[in-house]
Amino acid sequence: MNNNPDYKKIYNDMIALKYPEKKKICENILKKEMLSTLDIIKLNNFLTKDLSETNNSENQKLKSYDKTTVFKILDYQKKHCLNNAELAKHFNMSRNTVASWKKLYF
């Protein structure tokens, strides 16, 4: 049995109930068969970019990343020639997190 949440259904319902005006923006991501962690982060950013910084910092504490997402994020850093601080700012995370991933996986 799969214990992962059905993010596609969750975000479809959330858009229908709370953000019907943002349906067009999120349509391309929701058409995918499987949503990756990065897709979920993008959807969340599209839908909640109007929230205040205090809510954002509280939500940040609850994020977790699987190994494939970590590698995609570190690959993004390499492709775009970003340092740890720039990458952390782009993905809204701590630069110490990026540094610890590099120590752990490389």
Matching residues, segment 67-86, being over 13 Å from the mean Cα position of the chain (by Cα), part of a helix (DSSP H, G or I) and aliphatic (A, V, I, L, M)
74, 85
What pairs come out if I take residues in segment 65-85 that are in the same structural domain as residue 100 (by TED's automatic domain parsing) and pair them with residues that are among the charged types (D, E, K, R) whose C-beta lies under 6 Å away, six or more apart or interchain?
84/95; 85/95
Filtered residues of segment 88-105 (kept if hydroxyl-bearing (Ser, Thr, Tyr) and under 18 Å from the mean Cα position of the chain (by Cα)):
94, 97
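The values are calculated or read from the model by the stated rules, or taken from the named source; none is laboratory data. Keep in mind it's a predicted model, so treat the numbers as computed, not measured. Here the Cβ is made from the backbone with ideal geometry for all residues, glycine too, and neighbour counts use every protein chain on show.
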